[in-house]
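Laboratory data are not the source of any read-out in this text; all were calculated from the coordinates shown. Quick caveat, the model's predicted, so the values are computed rather than measured. Note that each Cβ is placed from the backbone with ideal geometry, even for glycine, and that neighbours are counted across all protein chains shown.
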Amino acid sequence: MFLFKEALSALGVVELPLQGRKYTWSNKQHPPLLKRLDWFFTSDEWTSLFPETSVSTLSMETSDHMPCLVTVSSNIPKGGTFRFENYLMEHEHFFSVVQHAWSLLVPHNDMTKKISAKFKNLRRVIRAWHSHLSSLKANIANVKLIITFLSLMEEFRDPTLEEWNF
């Protein structure tokens, strides 16, 4: 361990603190054994270029290892990206929404411009419609929040049998 620390010092790297939990691995037994197996380092140059770099833990869903997310922030503005979700096609109103969007008039005679405008209309209409639906992403986020809460609780006390089974 001494040689490892000496190598880190010689390289001039600094540790990025882990936000969220104190551990990154669990043996998933009752009571759990919790250990930190992961460490994150960066150079001084990186830290000066990206001072808001952080490492946080995500929810442990299936593995015994906690996934970690390295976030690199910048001041560059970015627009909202629309991502089509496959489950939208299963919705009972999907085809009527698509038909409505595709039937909107576009002021172009050139077929290339016309089809491009129709796809833009389709994206705009589906995005607006999707914003009014119950969000699958929000439901997944809520489940992950519960998993995160239960795993955080493990740091302070052993889970009850009911909590463990949940």
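When Rg and the Kirkwood Rh are both derived from Cα coordinates, the Rg/Rh ratio for segment 92-131 amounts to 1.02.
At full extension, LYS5 and LEU49 could sit 13.4 nm farther apart than now, given 0.36 nm per residue minus the alpha carbon distance.
Where nothing but the Cβ of Lys and Arg (+1) and of Asp and Glu (-1) is charged, how large is the charge dipole of segment 2-78 around its Cα centre, in debye to the nearest 20?
Details: 7 positive and 8 negative charges, 68 e Å.
Using only the charged Cβ atoms, the result is roughly 320 debye.
A dipole drawn for segment 8-106 from +1 and -1 charges on Cβ atoms has a positive end, and of VAL70, PHE84, MET60 the residue lying farthest that way is MET60. For the chain, the share of alpha carbon pairs falling in successive 5 Å distance bins from zero is 1, 6, 11, 11, 11, 11, 11, 10, 9, 7, 5, 3, 2, 1, 0 percent. The modelled label-to-label distance for the pair LYS114/PHE166, using points 7 Å beyond Cα in the direction of Cβ, is 5.9 nm. The order of LEU88, LEU3, LEU11, going from fewest to most other C-beta atoms within 10 Å of their C-beta, is LEU3, LEU11, LEU88. What GluC sites (Glu not before Pro) does segment 14-58 have in DSSP loop regions with at most 13 other beta carbons within 10 Å? Passing sites in segment 14-58 are GLU52. Placing unit charges on each Cβ (+1 for Lys and Arg, -1 for Asp and Glu) gives the chain a dipole about its Cα centre, and among PRO32, ALA138, LEU105 the Cα reaching farthest toward its positive end belongs to LEU105.
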